[in-house]
Amino acid sequence: MNETTQTPLQTLPGAEEVQQMTADEVRRLVEVVSSHGVTRKFIAEEAGYSGAALSSWMAGRYTKTGEDKTFEVALRSALERILQKRFFSGNKSARKFRRVTTSVSEAVFLAAKTCQNQGLMGMLTGVGGRGKTTAAEMYAASNTNVIYVRTSPFMTRKQLMTAIAGPCDVQEKSAYEMLVKICEKLQQAKSLVIIDEAENLSLDLLDAVRQINDWAGSGLLFIGQENFYTMLARARKSHEYLVDRFKLRMRVTDLGLTDVQHLVATEITQLNGHASAFLKACGGSARFLETLTYKLLPKLQSGEALSDRMIFETAESVKIF
């Protein structure tokens, strides 16, 4: 009798590999994804199903006869989207660092947890490119009752409310009706709404979101660049009732040496004392560090030895400003 031994998944595959997997391999992928901090509830909801449905399918006892294949198709698509997310990249085609703990991610998680547990309005600000968005997305994926919304400069009140309403399964037509239903849903659990790139919000939009905190007791965390804080400070005289509702402020700074070591080591395991050069070359920016690291990889893979000079010369070659 021929026996086939299936090799367990040791690392995260590229999103493009999911459709080629067997059903059992998809089950193991769910376990691997879960072990990296993404809840099964999040995976199930991304597929459009409940956590109980995923648990049944994982155990091989999906109860809705004839729909197990439909569920599997939706689950594969959900896993593809998850693997493509910035917070969960790490495969070669994505050219993104794997998620590791940094001082920035720790600050984001602390701010989010405090706002969620205590029902506070808070802000976390800092220079762009340090990893705030990646950490916020990861917090939303690894904690229940969290809604993550990324804003744009052109967002209207209705569009903002629609973005918050979607995860709540609210489908009202007007912005006000959506707000009322959102608050009804969020009152049922200790919840958090994360508004990213908050500097895009006008004071009117900020006031609209603030009502979720007033009416539902939900925590609100606004993440943005320093000009978000500056805008609020300048508006305090005319909008004191709004600005004074912020009870928590945290700031993130540039990456430190330990942060750089952890991030680069996800792709270059033998740093051999060159972490300081990486830190100097990237200027404390996770985004530039990522670009620099993936630009260096082909050289190292071709046999060139890593050196400070190589790091600085490569950094100069990819700088635009």
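Please treat every number below as a calculation from the coordinates, not as lab data. All of these numbers come straight from a predicted model, not from anything done at the bench. Note: ideal-geometry Cβ built from the backbone for every residue, glycine included; neighbour counts use all protein chains shown.
On the principal axes of its alpha-carbon atoms, the range 257-318 has extents of 27, 23, 16 Å, going from largest to smallest. Working ranking of peptides 250-259, 277-286 by packing, defined as the average number of other Cβ atoms within 10 Å per residue, highest first, is 277-286, 250-259.
Using only the C-alpha atoms of the range 15-84, find the volume of their convex hull and express it per residue in Å³.
Details: hull volume 5.3 nm³, N = 70.
Considering the Cα atoms of the range 15-84, their hull volume per residue is 75 Å³.
When you filter the trypsin sites (Lys or Arg not before Pro) in the range 108-201 for DSSP loop state and at most 12 other Cβ atoms inside 10 Å of their Cβ, you are left with K173.
Under the classification rounded if a/c is under 1.5, otherwise prolate if a/b is larger than b/c and oblate if not, where does the range 219-295 fall, given a ≥ b ≥ c as square roots of the Cα gyration tensor eigenvalues? Intermediate values should be presented prior to the final figure.
Working: a/c = 3.91, a/b = 3.28, b/c = 1.19.
Since a/c reaches 1.5 and a/b is larger than b/c, the shape of the range 219-295 is classed as prolate.
Quote the relative contact order of the chain in percent (integer), defining contacts as alpha-carbon pairs under 8 Å separated by 6+ residues.
Numbers: 437 pairs, mean separation 58.0, N = 321.
Here the relative contact order equals 18 percent.
Helical content alone sets the calculated 222 nm signal of the chain at -15500 deg cm²/dmol, taking -39,500 (n - 2.57) per DSSP H segment of four or more residues and averaging over every residue. If you find the alpha carbon centre of the range 214-254 and of the range 167-186, how far apart are they in angstrom? So the separation of the two Cα centres works out to 23 Å. Here the alpha carbons of the range 103-251 define both size measures, Rg and Dmax, at 14.0, 41 Å. Scan (i) 24.4; (ii) 16.0; (iii) 20.8 for the value of mean projected area of the Cα convex hull in nm² calculated from this model and give just the label. Structure-derived value, by its label: (iii). Antiparallel beta bridges, as assigned by DSSP with both residues in the chain, represent about 0 percent of the total such bridges.
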